[in-house]
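K.L.:
I am attaching a structure below and will ask some questions about it afterwards.
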Amino acid sequence: MPADPSATLLIDGVWEPGSATFEVADPATLRVLARVADAGPEEALAALDAADRAAGPWRRTPAEDRANALRAAAARIRDRAEPLAALMTSENGKPLGEARGEVLGSARMLEWAAEEARRANGRVTPGAAAGPGLVLRVPVGPALAITPWNFPASMLVRKVGLALAAGCPVIVKPAEQTPLIGTELVRIIAEAGGLPAGVLQSLTTSRPGDVAGTLLADPRLRKVSFTGSTAVGLSLLRSTGDHLRRTSLEMGGHSPAIVFDDADLPAAAAAVAAAKFANAGQSCIAVNRLFVQRSVHDEFVALLLEKVAALRLGHGSAEGTTVGPLIDFDGLDKVERHVTDAVKRGAAVAAGGRRWTPDDPALTGAFYEPTVLTGADDAMLISSEETFGPVLPVYAFDDDEEAVDRANATDYGLAAYVHGSALARVWRAVDRLGFGVVAVNEAFPVRPELPFGGMKNSGLEREGGSEGIDAYLETKSVAMRL
Ligand code: NAD
């Protein structure tokens, strides 16, 4: 730990305070937790200089050594899971149990990246008389990882793990709402050893556009991996200018869940409630539209309402809390806009539907009651815009084809959920759903061994699976005459 707690810039192996700072607050109480360094273009360029210097030696470091560094980092994250989870809850607001799960999932992701480091194999082609052809996979070079506040550990670790495994130096830029957990993870990974100066760097900033803009204008940056909103992701793509570079985008979603009449209804209700209300609905794969077959609609909604009634709002660190605050009041305004519009257009509020007023006066953050709206239709704002809050609209459908057509009627394509038991029926839906990730009778479809990412306006490239490391590798063909 550095003497100065605002020394949150890791540049060329040294923790620096920067020339300015910004505040980080607990979203449940609005209490200021810390001040962190506010990097600008100068620090960004210094980090890129160091990354550029580190790129050659790091790509020549044996893959086994890179893997060992990642495995050591994963072990330290496991050892410190409790304080890391508490830190995440304090600045993000999610319940402690969810934060703990995310920290442990982050360690698993680093372990997966370590395994993949040794499997970035090329191939030999025997076709030509002159000699063999080689297909090499080489690290793309210095990378920038821009991460969001809603999964501030797992999104960061996925990018860092895969970049380092592939042999790329990486500069991390955590979200301004959650720089503490991002910085702490970088510190742990760096202190685990095996990473020379400049290989892993971190820039906390309240001016993401200035920092990213400086780096993106420089052709030495060879890769950008972004997770966040579709609007910012598209702006990064547009700002490429004259320098093409590899770009991974993990952006917004508008996940449908389909419940067929042969589903295990109690299990499906539990899974849908978890997929909607985890992280107070602020998840890119949160269910944003729930399609229920009309013949089981009322029975299913009753089961769902039981699950919702059991949710407990509160500070994420308080015993028994299952739903924390929204990250800020802008998020709350959007939620209210969606609910007001849906009700105006004929939806009924079956649960929630308003801000939550806690007994504890210290909880001044943006809390909203877990909400279920029935009688939703496809024209409502909530049917096309990502809500990013604890509101679940329910739509009745009659036949399977109709459900899939309506589920697909979105510009997004990140995740979809199907609940049913007849395999052929489930398979027909899975086959036709236009989403990068499909969950079958499952609440949380994220596993290190599965590629994660979206179709359409939800993104480009994948993280995880054997595809994940590809995003940090270039393909080089060698034609040999021997
Ligand atoms: P956001 O786009 O506002 O911010 C994400 C990151 O981008 C932050 O680090 C932020 O500082 C940075 N940023 C903001 N403006 C920038 C700019 N002009 N140039 C460069 N960087 C900039 O998104 P958010 O509100 O933090 O996150 C919520 C969004 O992220 C939701 O839409 C959600 O669906 C999406 N998300 C997607 C995934 C996925 O894997 N597809 C995962 C988590 C979140």
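The values are calculated or read from the model by the stated rules, or taken from the named source; none is laboratory data. What you see is a predicted model; the values in this text were computed from it and never measured. Cβ: placed from backbone, ideal geometry, glycine included. Neighbour counts: every protein chain shown. Side chains are part of the model used for accessible areas, which takes the heavy atoms of the whole protein and leaves out ligands, DNA and RNA. Shrake-Rupley method; radii C 1.70, N 1.55, O 1.52, S 1.80 Å.
K.L.:
Against the conditions (1) out of contact with any strand residue (DSSP E or B) (no Cβ under 6 Å at 6 or more places or on another chain); (2) modelled with pLDDT of 95 or more; (3) more than 14 Å from the ligand (Cβ to nearest atom), where does residue 209 fall short? Just the number, please.
P.N.:
In the conditions (1) out of contact with any strand residue (DSSP E or B) (no Cβ under 6 Å at 6 or more places or on another chain); (2) modelled with pLDDT of 95 or more; (3) more than 14 Å from the ligand (Cβ to nearest atom), residue 209 misses (3) alone.
K.L.:
Residue 214 fails exactly one of the following numbered conditions: (1) surrounded by fewer than 23 Cβ atoms within 10 Å (Cβ to Cβ); (2) over 17 Å from the mean Cα position of the chain (by Cα); (3) part of a loop (DSSP other than H, G, I, E, B). What is the number of that condition?
P.N.:
Status for residue 214: all satisfied but (3).
K.L.:
Only one of these is assigned to a helix (DSSP H, G or I) and either of a type outside the set (A, V, I, L, M, F, W, C) or not assigned by the TED database to the domain that holds residue 355 (or both): 283, 235. Name it.
P.N.:
Testing whether each residue is assigned to a helix (DSSP H, G or I) and either of a type outside the set (A, V, I, L, M, F, W, C) or not assigned by the TED database to the domain that holds residue 355 (or both) leaves just 235.
K.L.:
Counting only residues that are within 15 Å of residue 370 (Cα to Cα) and open to solvent by 50 Å² or more (accessible area, probe 1.4 Å), how many does the stretch 314-332 have?
P.N.:
1
K.L.:
Suppose we filter 235, 248, 255, 225 for residues that are within 12 Å of the ligand (Cβ to nearest atom) and within 30 Å of residue 300 (Cβ to Cβ); which single one remains?
P.N.:
The unique qualifying residue is 255.
K.L.:
Let me ask something additional. Among the residues of the stretch 431-482, write down those that are among the acidic types (Asp, Glu) and either in a loop (DSSP other than H, G, I, E, B) or not assigned by the TED database to the domain that holds residue 135 (or both).
P.N.:
Answer for the stretch 431-482, where residues must be among the acidic types (Asp, Glu) and either in a loop (DSSP other than H, G, I, E, B) or not assigned by the TED database to the domain that holds residue 135 (or both): 431, 442, 449, 461, 467.
K.L.:
Just to confirm my filter: which strands (runs of 3 or more DSSP E) fall fully inside the stretch 66-153 and include at least 3 residues that are without any contact (Cβ under 8 Å) to a residue 40 or more places away in the chain and open to solvent by 10 Å² or more (accessible area, probe 1.4 Å)?
P.N.:
Of the strands (runs of 3 or more DSSP E) lying wholly inside the stretch 66-153, those with at least 3 residues that are without any contact (Cβ under 8 Å) to a residue 40 or more places away in the chain and open to solvent by 10 Å² or more (accessible area, probe 1.4 Å) span 123-125.
K.L.:
Here are some conditions: (1) closer than 30 Å to residue 167 by Cβ; (2) surrounded by fewer than 18 Cβ atoms within 10 Å (Cβ to Cβ); (3) touching a residue at least 24 places away in the same chain (Cβ under 8 Å). Residue 434 meets all but one. Which one does it not meet?
P.N.:
(1)
K.L.:
Picking from 25, 20, which residue would you name as being surrounded by 15 or more Cβ atoms within 10 Å (Cβ to Cβ) and either hydrophobic (A, V, I, L, M, F, W, C) or in contact with a helix residue (DSSP H, G or I) (Cβ under 6 Å, 6 or more places away or on another chain) (or both)?
P.N.:
The unique qualifying residue is 25.
K.L.:
If residue 173 satisfies every condition in (1) farther than 25 Å from residue 220 by Cβ; (2) within 12 Å of the ligand (Cβ to nearest atom); (3) in contact with a Leu (Cβ under 7 Å, 6 or more places away or on another chain) but one, which is the exception?
P.N.:
(1)
K.L.:
Quick check on residue 135: is it away from the ligand (no atom under 16 Å from the Cβ), in contact with a Ser or Thr (Cβ under 9 Å, 6 or more places away or on another chain), under 18 Å from residue 45 (Cα atoms) and assigned by the TED database to the domain that holds residue 21?
P.N.:
Against the criterion (away from the ligand (no atom under 16 Å from the Cβ), in contact with a Ser or Thr (Cβ under 9 Å, 6 or more places away or on another chain), under 18 Å from residue 45 (Cα atoms) and assigned by the TED database to the domain that holds residue 21), residue 135 does not qualify.
K.L.:
Every residue in the stretch 312-336 that is of a type outside the set (Gly, Ala, Ser), more than 15 Å from residue 30 (Cα to Cα) and away from the ligand (no atom under 16 Å from the Cβ), please.
P.N.:
Within the stretch 312-336, 312, 313, 319, 321, 322, 323, 336 qualify.
K.L.:
Continuing with this model, one more query. When the stretch 176-208 is examined, which residues are found to be closer than 20 Å to residue 101 by Cα and of a type in the set (A, V, I, L, M, F, W, C)?
P.N.:
180, 181, 185, 186, 188, 189, listed by residue number.
K.L.:
Let me confirm something: among 35, 108, which residue is out of contact with any Ser or Thr (no Cβ under 6 Å at 6 or more places or on another chain), in the same structural domain as residue 157 (by the TED database) and more than 18 Å from residue 211 (Cα to Cα)?
P.N.:
Exactly one of 35, 108 is out of contact with any Ser or Thr (no Cβ under 6 Å at 6 or more places or on another chain), in the same structural domain as residue 157 (by the TED database) and more than 18 Å from residue 211 (Cα to Cα), namely 108.
K.L.:
Here is a list of conditions, (1) without any contact (Cβ under 8 Å) to a residue 40 or more places away in the chain; (2) within 16 Å of the ligand (Cβ to nearest atom), and residue 266 meets all of them except one; can you say which number that is?
P.N.:
(2)
K.L.:
List the strands (runs of 3 or more DSSP E) inside the stretch 359-430, counting only whole elements, that have at least 1 residues being surrounded by 14 or more Cβ atoms within 10 Å (Cβ to Cβ) and among the small types (Gly, Ala, Ser).
P.N.:
Counting at least 1 such residues, we get 391-397, 415-419.
K.L.:
For residue 186, indicate whether it is more than 8 Å from the ligand (Cβ to nearest atom), in the same structural domain as residue 30 (by the TED database) and either open to solvent by less than 20 Å² (accessible area, probe 1.4 Å) or over 22 Å from residue 109 (Cβ atoms) (or both).
P.N.:
Yes, satisfied.
K.L.:
I'm told residue 267 meets every condition in (1) touching a His at 6+ places or on another chain (Cβ under 9 Å); (2) open to solvent by less than 10 Å² (accessible area, probe 1.4 Å); (3) assigned to a helix (DSSP H, G or I); (4) of a type outside the set (Lys, Arg) except one. Can you identify the failing condition by its number?
P.N.:
Going through (1) touching a His at 6+ places or on another chain (Cβ under 9 Å); (2) open to solvent by less than 10 Å² (accessible area, probe 1.4 Å); (3) assigned to a helix (DSSP H, G or I); (4) of a type outside the set (Lys, Arg) one by one, residue 267 breaks only (2).
K.L.:
OK, next. Answer with yes or no whether residue 461 is at positive phi and either in contact (Cβ under 8 Å) with a residue 24 or more places away in the chain or surrounded by fewer than 24 Cβ atoms within 10 Å (Cβ to Cβ) (or both).
P.N.:
Judged against the criteria, residue 461 is a match.
K.L.:
Can I ask one more? What number of residues in the stretch 154-182 are part of a helix (DSSP H, G or I) and not small (Gly, Ala, Ser)?
P.N.:
11
K.L.:
Of the conditions (1) free of Cβ contacts under 8 Å to residues at least 12 places away in the same chain; (2) open to solvent by less than 40 Å² (accessible area, probe 1.4 Å), residue 277 fails just one. Which one is it?
P.N.:
Answer for residue 277: the failing condition is (1).
K.L.:
For residue 280, indicate whether it is within 16 Å of the ligand (Cβ to nearest atom), under 20 Å from residue 323 (Cα atoms) and modelled with pLDDT of 95 or more.
P.N.:
Against the criterion (within 16 Å of the ligand (Cβ to nearest atom), under 20 Å from residue 323 (Cα atoms) and modelled with pLDDT of 95 or more), residue 280 qualifies.
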